[in-house]
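Taking it in order: structure first as structure tokens, then the write-up.
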Amino acid sequence: MRTIASPVISKPKRKSKQNNVFDAQAFLDSAGVARKVVQYQKGEKIFSQGELAVSVMYLQKGGIKLAVVNQVGKEAVVAILGGGDFFGEGCLAGQHVRMATATAITPSSVLVIEKNEMVRVLHAEHALSDRFMAYMLSRNIRIEEDLIDQLFNSSEKRLARALLLLARYGKDSQPEKMLPKVSQEMLAEMIGTTRSRVNFFMNRFKKMGFIRQNGGLHVHSSLLSVVLHE
């Protein structure tokens, strides 16, 4: 883990006339917010389940796994996050300890913002608070969709949806994306099935041209047909 000192600039960047979309990354980089940037290598823990929750994190780049372990030691992966995602935000809602463990699954750059400073900035900068609120609402919708997926869909559909989400399907116009290195064991934990079932469906997806291995796992948007198929 390597911490990088962050320069403080007096005036924050705001919306420009040419671009009406508020750039949360540009703001967090330049607003003089009391924060630090920390670099994590693959496999390093960012925080652990049960630790005090005293800060909010913003993933600048890389990949993060959020996992929960029960009393008998069984682990469940609850989310895989990518660049542009917030996490650890439970502390803003009165969460005193971390409910999950966050681990870097690729080399990652994380902006760490102290809880009190995040609260101050959200009150002071309405553009950032709007962006943060929109993110949290979309995260809540995602959680509801995940629950419905687990309750009503087959393991094949759950795997297809998980791969599309990992590829950040719909985030841009590119027809296919390369996934971070996610093991079949991790995919099995995410969708609630066995590794052997994941391996079976992955081989099927390859034969059908939905995914391919070429320096990494590429997911084609046509995989959506598996999710939509009744």
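Say we look at segment 77-98 and pick out the residues that are part of a strand (DSSP E or B) and open to solvent by 30 Å² or more (accessible area, probe 1.4 Å); which of these is farthest from V112 (Cα to Cα)?
Ranking the qualifying residues of segment 77-98, first place goes to V78.
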Item to check | Inter-residue pairs, beta-carbon under 9 Å, first within 20 Å of L111 (Cα to Cα) and free of Cβ contacts under 8 Å to residues at least 60 places away in the same chain and in segment 88-99, second open to solvent by 40 Å² or more (accessible area, probe 1.4 Å) and assigned to a helix (DSSP H, G or I), 6+ apart | outcome: E89/M136; E89/R139; C91/K115; L92/K115; L92/V119
Checklist entry - Which pairs have Cβ atoms under 7 Å, sit 6 or more apart or on different chains, and link a residue in segment 139-152 that is under 16 Å from L166 (Cα atoms) to one that is part of a helix (DSSP H, G or I) and among the charged types (D, E, K, R)? => result D149/R158; D149/R161
Next on the checklist: Can you tell me which residue is nearest to the chain's Cα centre (by Cα) among those in segment 107-150 that are among the β-branched types (V, I, T) and open to solvent by 30 Å² or more (accessible area, probe 1.4 Å)?
Outcome noted: I143
Checklist outcome for this item: K181 passes all but one of the listed conditions (1) loosely packed, with under 13 Cβ neighbours inside 10 Å; (2) more than 25 Å from K42 (Cα to Cα); the exception is number (2)
Checklist entry - If you check V226, V219, which single one turns out to be open to solvent by less than 40 Å² (accessible area, probe 1.4 Å) and assigned to a helix (DSSP H, G or I)? => result V226
Item to check | Single unsatisfied condition, V37 versus (1) over 18 Å from the mean Cα position of the chain (by Cα); (2) surrounded by 14 or more Cβ atoms within 10 Å (Cβ to Cβ); (3) at pLDDT 85 or above | outcome: (1)
Checklist entry - For segment 63-76, what are the residues that are in a strand (DSSP E or B), out of contact with any Phe, Trp or Tyr (no Cβ under 7 Å at 6 or more places or on another chain) and open to solvent by 10 Å² or more (accessible area, probe 1.4 Å)? => result K65, V68, V69, E75, A76
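The values are calculated or read from the model by the stated rules, or taken from the named source; none is laboratory data. What you see is a predicted model, and the numbers here were worked out from it, not measured in a lab. As a convention, Cβ positions derive from the backbone with ideal geometry for all residues, glycine included, and neighbour counts pool all protein chains shown. Accessible surface areas use protein heavy atoms only, side chains included; no ligands, DNA or RNA. Shrake-Rupley method; radii C 1.70, N 1.55, O 1.52, S 1.80 Å.
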